[in-house]
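Working notes for the structure below.
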Amino acid sequence: MLKTIESLGELRGKAVLVRSDFNVPLKDGVITDDGRIRAALPTLQKLTEAGAKVIVMAHLGRPKGEVKAEFSLAPVAKRLGALVDVPVKRASDLTGESAQAEIAALGAGEILLLENVRFDPRETSKDDAARAELAGELAKFADFFVSDGFGVVHRKQASVYDIAKRLPAAAGLLVMKEIESLSRATENPERPYTVVLGGSKVSDKLGVIANLLGKADALLIGGGMAYTFLKAKGYEVGNSLLEEDQLETVKGYMEEAQKNGVELLVPVDTVVAPEFAADAPATIVAADSIPADQMGLDIGPKTAELFAEKIATSRTVVWNGPMGVFEFPAFAKGTEAVATALSESAAFTVIGGGDSAAAVRGLGFDEEKFSHISTGGGASLELLEGKVLPGISVLED
């Protein structure tokens, strides 16, 4: 059982260190999708309403242990301040003079956002002692720790794992919701249980496929990874994305699916183009007739219809990975069709974060139409693989 915020006891006047996931997309310094910030609000509001002094840690991008202006959390602080009803202050460093001064002046029910934790190389260090040192410095700031950055709970990092060993710790509302939703969809799913997998590489999803071949009733394969499956069936895939070194593994998966009675569906048609470009001329061809000089960039309409029908008859559906290059309108129809099918389904539907969540928002879908949209692509994938996540295990009783 995960320890909850209630297990921490009285919070009024206490300093609570919160690990959030504010790794949001930026364009010219402007946040283009604030979904992760909005997902953090329930926990932050619960803590401020309880009278806690809330100190938030988060990362943005991959600064690799260096202070880089383009990865500053300043835009996040501004957006967070616009979304909550309490003052949001910002420190210009993580554990230095600015952080110490701001924490000393922080009042009950107020929020302070520390600067990017990944500006400190100790945060992501493989050296246990280095991470422990940073966690020790952070622990001096607070009475309690609340882990609410689901997108990083699969990482053994100072602000995720080591800090939980130094302070009374609990899972935030977002992490609780994520674990409950993903567990419902994987541990004892209502059947038929369908998993839709997309994205570019089969190698990214090997563990997921291996784990689900003994659990799911149907696996629907789209995205760039589908062309390795098509090649394994003996089809020509032209210039499509292909992982030659995974062909034997994929053949083994197809054989195992058949043996286990798992329906494994791959595209029956695909949208091809001569080059990877938004304005490339698109053509629909049968999956076994991809021209040698073309590349597949989306599932075709017959495949989209086939997948939608399978989703419609399911009681639990998990989707991880887009069906095509959804950033290009000409190659977004497959992803849109899957999202539409999920939004219209009566099933318990989970969108596994990452590009799938970005596609749903980018294509303008009402998020309320889905049972759960995960904020953590990598973390949700590892849960689907059946892995133990260090940032979760450290919070268990």
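Before moving on, here are some points about what is shown:
- Residues ILE31, ILE163, sorted by accessible area with the largest first, give ILE31, ILE163 [1.4 Å probe; ligands and nucleic acids excluded].
- Principal-axis tilt of helix 301-312 within the chain, Cα atoms, nearest 10 degrees: 60 degrees
- Average Cα contact separation per residue, the chain, under 8 Å, 6 or more apart, as relative contact order %: 16 percent
- Spherically averaged projected area of the convex hull of Cα atoms, segment 264-359: 6.0 nm².
- Listed residue (SER345, PHE144, VAL84) projecting farthest to the positive dipole end of the chain, Cβ model: PHE144
- Distance between the C-alpha centres of segment 234-287 and segment 20-45: 34 Å, rounded to the whole angstrom.
- Whole-number Å³ per residue for the convex hull built on Cα positions in the chain: 139 Å³
- Accessible surface of ARG155 - all protein chains present, 1.4 Å probe, nearest 10 Å²: 100 Å²
- Residue pairs, from the table LYS156/LYS233; LYS46/LYS205; LYS215/LYS302, whose Cα atoms sit over 29 Å apart: LYS156/LYS233; LYS46/LYS205
- Of the residues LYS333, LYS3, ranked by 1.4 Å probe accessible area with the largest first, the sequence reads LYS333, LYS3.
- Accessible surface, per residue, of the chain when the full set of protein chains is kept, probe 1.4 Å, Å²: 42 Å²
- Beta bridges from DSSP with both residues in segment 7-127: antiparallel share about 15 percent, rounded to the nearest 5.
- Percent of Cα-Cα distances greater than 15 Å, calculated over segment 317-397: 56 percent
- Distance histogram in 5 Å bins (all Cα pairs of segment 49-126, percent per bin): 3, 17, 26, 23, 17, 9, 4, 1
- Within the accessible surface of segment 1-89, defined with a 1.4 Å probe on protein heavy atoms only, the carbon and sulfur portion equals 50 percent.
- Distance violations [Cα-Cα > 25 Å] among LYS14/LYS89; LYS3/LYS165; LYS3/LYS140; LYS251/LYS369; LYS27/LYS68; LYS89/LYS369: LYS251/LYS369; LYS89/LYS369
- Note on the chain: antiparallel DSSP beta bridges, both residues inside, total approximately 25 percent of the bridges counted.
The values are calculated or read from the model by the stated rules, or taken from the named source; none is laboratory data. For clarity, every value in this text was computed on a predicted model and none was experimentally measured. Note that each Cβ is placed from the backbone with ideal geometry, even for glycine, and that neighbours are counted across all protein chains shown. Note: accessible area is taken over every heavy atom of the protein model, side chains too, but ligands, DNA and RNA are not part of it. Shrake-Rupley method; radii C 1.70, N 1.55, O 1.52, S 1.80 Å.
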